[in-house]
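Q: Attaching a single structure in structure tokens format; questions to follow.
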Amino acid sequence: SRHSPTSRKFLLFSLLATLWPFPVFAQKPQETNPPHPNDIPQTLGPPLTKTLPHEQIDEGNYRLRGKLMDDGGDKMIFLGFILSDKPLREILASPDPSSFLIPMTSWEIDESVSPSRIGQDGIPLNGVMNFYADVQLEPGKLYYYWAFAANALGNTNGSPKKLKTPSDEVHWWSKDNLLA
């Protein structure tokens, strides 16, 4: 396992909190007098992700793609995807929903970010970056995936996307010789 028991518990809690339709954390009351724009401190929060279209690498291998829109100003605990051929209610009923988490494989340079804004290891200084995970999927199945990110302050996920793998079924007529 790639995660410690404490980390897995946090990811499980984070996954359930993200997918649960009710707020888990109480919100701060809004101030009656908003602060001057120059006095606003850097705010920290959960990361923001966007699910991007997948790519087929070769037969049976796919690249799930996402974009980290904002890291929330805190160290990332998890960045990757939720991937399942099961509906959401079955994921939540599963004894280990974190088993549906697929960690990212690597980063892709986002061409919409100017090179002058790219930081160490190719990560843009403003946190906008494409990431991906390469997965092998069974033929003839419908999968659901979405980008998922977590830091100590919370987690978010992008909108779900569908991925239908082509069937490798051999039909009786495919063995026949073609006639002129």
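The values are calculated or read from the model by the stated rules, or taken from the named source; none is laboratory data. This structure is a prediction, so every number in the text was calculated from the model and none was measured. Heads up, the Cβs are rebuilt from the backbone with ideal geometry, glycines too, and the neighbour counts pull from every protein chain shown. SASA here: full protein model, heavy atoms, side chains in, ligands and nucleic acids out. Shrake-Rupley method; radii C 1.70, N 1.55, O 1.52, S 1.80 Å.
Q: Among the numbered criteria (1) within 13 Å of the chain's Cα centre (by Cα); (2) at pLDDT 90 or above, which one does residue 137 miss?
A: If we test residue 137 against (1) within 13 Å of the chain's Cα centre (by Cα); (2) at pLDDT 90 or above, just (1) comes out false.
Q: When the residues of segment 149-171 are filtered to those that are closer than 16 Å to residue 55 by Cβ and outside any loop (DSSP other than H, G, I, E, B), which remaining residue is least open to solvent (accessible area, probe 1.4 Å)?
A: The extreme case among them is 163.
Q: Right, next: Give me a count of the residues in segment 52-91 that are open to solvent by 60 Å² or more (accessible area, probe 1.4 Å) and of a type in the set (A, V, I, L, M).
A: Selection size over segment 52-91: 4.
Q: Scan segment 78-92 for residues that are modelled with pLDDT under 85 and of a type outside the set (D, E, K, R) and jot them down.
A: Passing the criteria: 87, 88, 91, 92.
Q: Condition first: open to solvent by less than 80 Å² (accessible area, probe 1.4 Å), at pLDDT below 85 and assigned to a loop (DSSP other than H, G, I, E, B). Now tell me which residues in segment 93-110 satisfy that.
A: 110
Q: Only one of (1) at pLDDT 90 or above; (2) small (Gly, Ala, Ser); (3) loosely packed, with under 14 Cβ neighbours inside 10 Å is not met by residue 122, so which one is it?
A: (1)
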